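Here the structure comes first, spelled out in structure tokens, and everything after it is commentary.
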Amino acid sequence: MPGPGGRGARSFLTEEEKQNKPKVTKELLLRIFSYLKPYTKQLLLVLLLIILSATFSLLPSILTGKIVDEGLIGRSLSALIRYILLSLGVTLLSNLIGVAESYLNSWIAQHITYDMRNAMFAHLQKMSQQFFTSASQGDIITRMTSDIDGVEMVVSSTFTNILTNVITLVIAAIAMFQKNALLALLGIVIVPLFALPTRAAGKTRWTLTRDAQATNDQINGILNETLSVSGQMLVKLFGREQYEYDRYESLNKKMIGLRIRESMAGRWFRVVISTFAGIGPMLLYLVGGFLMIKRGANLTVGDITVLVALVGRMYGPVNQLLSFQVEWIRSMALFTRIFEYYDMPVDIENAPDAIIPNSARGNVEFSHVGFAYEEGKPILKDISFKLEAGHSVAIVGPSGSGKSTMVNLIPRLYDVDSGCVLFDGTDVRKLDLAFLRSNVGIVTQETYLFNGTIRDNLLYAAPDADEAALIEACKKANIYDFISKQETGLDTVVGNRGLKLSGGEKQRVSIARILLKDPALLIFDEATSALDSISEQAIQDAIEPLIHTRSSILIAHRLSTILSADEILVVKDGRIIERGQHKDLVALGGVYTELYETQFKIEDD
Ligand code: ADP
């Protein structure tokens, strides 16, 4: 019998859940089924175990008839002992089968969720940059973890609970009808009469508990706001003590009302349960006794005892099945949410007949490129330029003009809306993605290092690189001096996101990482935030020689970087408005001149 409060909050839907009820279609069910299908054999075995365990668990109730009739009324000690031992035996057996069932159940549930997690992770890895910039990270993590955990619950408990309950009810009903049809009917009618009020009382209690929780949250909010150092200062300075007291007092009053009603709802709940639980057996004794005494029905004392016992066994399953709809809706909502993620289109994919060239030279061409992150808000407009292999170009312009966006189009973090980006003369959308990305190296403004050692971070780009290669890359990136001064050298831990290194050191580690990747095209997105001049010089010394060894695009904010490029493109509001050499651009008296006057010249001086 369920205790007061029963299965609590899980038995009722919240308003939010009611409003977002998932649409259950044949496709959805088939799709869910497709995840169960690989485990059909195991599922059938579970079904068999459930049937066995439910049957064996009801047998003792049925055996009470024999105990009463043959043992007690028949005054046979040997029969009594026989049935008692049998009864204990099947109880043990039923429990042992239950253990096997739980094991198999959790095995199936874990394997199904294992499959789903892997599929989800693989799918998310294919999603474009656009997805990760717009979806909230919390949402992504929730779907990967708690939603899929929910599926595990559904498979391991909801499905089997439903089965167990249904099977128990069916077997109990059959056993009852075999004893006496009229009494069986009576018993079956009584059960829902008990279960329904239980549910109603449970719901009232649940609503009150929720209200109390909400009120409690409000009270905590007030306490946090007003009883903190700065909150109290605000209250005092604005003389709002009385106002805050009144606010607190009124919520406090609401709370005690709710708490009293909540405890009384629990009280009434118990009255309802025990009354109805008492009525059932008494009715059966009354009617059964009447049939036996007055009508001479073919009924024994044992039969009536069995019927009473079986009705008692039905309350639990009926009660649980009444909240079945709730569990069903929740489960479907879970699957719907997960499938929603599976169905998100992968917008940047390898072309079916993708070209894999033998080698990369590093030519880049933008031809009338147009691009927008959101429809109707064009970020790049008619961008055209050419970068010959081995040369370098600097892109300058006010912040937000679209410089980073331009370079993100080259390794296809995003795809153009119009025009095209060519790499070695081929549209990047026709090239093999792995080839393209392995030949484009970007050193981003915000360097991302994994929490691990410097070595781990370097090996991420080239897992097979040997010690000598690592050291050479670090030397070229001008970070080797720093590393060799560390006690643990390359095995120095960089901390979460590389927090244990300074901005400049992180940049140089990431340059070394790119060098190990050895791309044909190097893109360097210079940090806007000022580094100290020593760090800047160290970075400058690292990139300067590199620029001359391969094709490079430099998003530059410092004159020294700009001057090292073969050509300068000035971008404003998504257009290239000026291009050429430093000297000519300064003389032009346009945007470049302005940037030069306000930013670069100071550095120059
Ligand atoms: P820059 O590198 O020149 O500072 P960006 O290319 O970073 O400029 O950004 C150009 C414009 O695009 C900005 O207005 C910025 O707000 C917008 N933008 C950048 N990334 C996104 C994004 N993922 N989604 C929507 N808008 C973006």
Between the alpha-carbon centers of region 392-429 and region 491-513, tell me the distance in whole angstrom.
27
Toward the positive end of the charge dipole of the chain, about the Cα centre and with charges on Cβ (Lys, Arg +1; Asp, Glu -1), which of I547, T305, V586 goes farthest?
T305
Give me, ordered by chain and number, the residues 5 or more places off I555 or on other chains with an amide H under 5 Å from its own placed amide H.
I395, F524, D525, E526
Interchain or sequence-distant (5+) residues whose placed amide H lies within less than 5 Å of the amide H of N350 are none
Expected field for Y414, accessible surface area in Å² at 1.4 Å probe radius, rounded to 10, holds 20
Step through the residues of region 234-244 one at a time and calculate ³J(HN,Hα) from phi using the Karplus curve (6.51 cos²θ - 1.76 cosθ + 1.60, θ = phi - 60°), rounding each to whole Hz and writing x for Gly and Pro.
4, 4, 5, 5, 9, x, 9, 4, 4, 4, 5
Give me the number: length gained by fully extending R270 to M282, i.e. 0.36 nm times residue separation minus the C-alpha to C-alpha distance, one decimal in nm.
2.5 nm
Residue-wise, which Karplus ³J(HN,Hα) couplings in Hz belong to region 248-260, taking 6.51 cos²θ - 1.76 cosθ + 1.60, θ = phi - 60°, and x for glycine or proline?
5, 4, 5, 5, 4, 5, 4, 5, 5, x, 4, 5, 5
Size of the dipole of the chain about the Cα centre, Lys and Arg at +1 and Asp and Glu at -1 on the beta carbon, nothing else charged, in debye to 20?
4300
Where in region 523-563 is the amide nitrogen less than 18 Å from a point lying 7 Å along the Cα-to-Cβ axis of S502?
527-543
Could you give the dipole magnitude of region 496-553 about its Cα centre, charging the beta-carbon of Lys and Arg +1 and that of Asp and Glu -1, in debye to the nearest 20?
360
Extension gain L36-A173, at 0.36 nm per residue separation less the Cα-Cα distance, in nm?
46.3 nm
Selection from I167, F385, S323 lying farthest towards where the dipole of the chain points positive, charges on Cβ
I167
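Could you work out the relative contact order of region 441-518? I mean the mean sequence separation of Cα pairs under 8 Å and 6+ apart, divided by the number of residues, in percent. Can you show the working numbers first?
Details: 101 pairs, mean separation 40.0, N = 78.
Across region 441-518, relative contact order equals 51 percent.
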Total formal charge among the other residues, if their Cβ is under 9 angstrom from that of M332, Lys/Arg +1 and Asp/Glu -1:
+3
Rounding to the nearest 20 debye, state how big the charge dipole of region 441-518 is about its Cα centre with +1 on each Lys and Arg Cβ and -1 on each Asp and Glu Cβ.
300
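When DSSP beta bridges are limited to those with both residues in the chain, what percentage is antiparallel, rounded to the nearest 5? Each step should come with its number before you reach the end.
On the way: 19 of 37 bridges.
Once the DSSP bridges in the chain are tallied, antiparallel ones form about 50 percent.
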Cα-Cα P(r), the chain, percent of pairs per 20 Å interval:
14, 30, 26, 19, 9, 1, 0
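Which of the peptides 486-494, 380-388 is most tightly packed, and how do the rest follow, going by the mean number of other Cβ atoms within 10 Å of each residue?
So the peptides 486-494, 380-388, ranked by packing, come out 380-388, 486-494.
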Which whole-Hz ³J(HN,Hα) couplings does region 321-336 yield from phi under the Karplus relation 6.51 cos²θ - 1.76 cosθ + 1.60, θ = phi - 60°, glycine and proline marked x?
5, 5, 9, 4, 4, 4, 5, 4, 4, 4, 5, 5, 5, 4, 4, 4
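Let me check I've understood the local charge: for L124, count other residues with C-beta under 11 angstrom from its C-beta, Lys and Arg +1, Asp and Glu -1. What total comes out? Mind dumping the intermediate values first?
Values: positive: R117, K126, R143; negative: none.
Taking every Cβ under 11 Å from that of L124, the sum is +3.
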Rule-of-thumb check for region 441-518: C-alpha Rg over 2.2 N^0.38 Å?
0.94
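If you build the convex hull over the alpha carbons only and average its shadow over all orientations, what do you get for region 459-604? Give it in nm² to one decimal. Let's see the in-between values first.
Working: hull surface 39.6 nm².
Averaged projected area of region 459-604's Cα convex hull equals 9.9 nm².
What number comes out for the charge environment of K37, summing +1 per Lys or Arg and -1 per Asp or Glu over other residues with Cβ under 12 Å away?
On the way: positive: R31, K41; negative: D115.
Value of the local net charge: +1.
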Interchain or sequence-distant (5+) residues whose placed amide H lies within less than 5 Å of the amide H of K572 are I577
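The values are calculated or read from the model by the stated rules, or taken from the named source; none is laboratory data. None of the values given here were measured: they were computed from a predicted structure. Because the Cβ atoms are built from the backbone with ideal geometry, glycine has one as well, and the counts that use them run over all protein chains shown. What goes into the accessible areas is simple: the full protein's heavy atoms, side chains included, and nothing from ligands, DNA or RNA. Shrake-Rupley method; radii C 1.70, N 1.55, O 1.52, S 1.80 Å.
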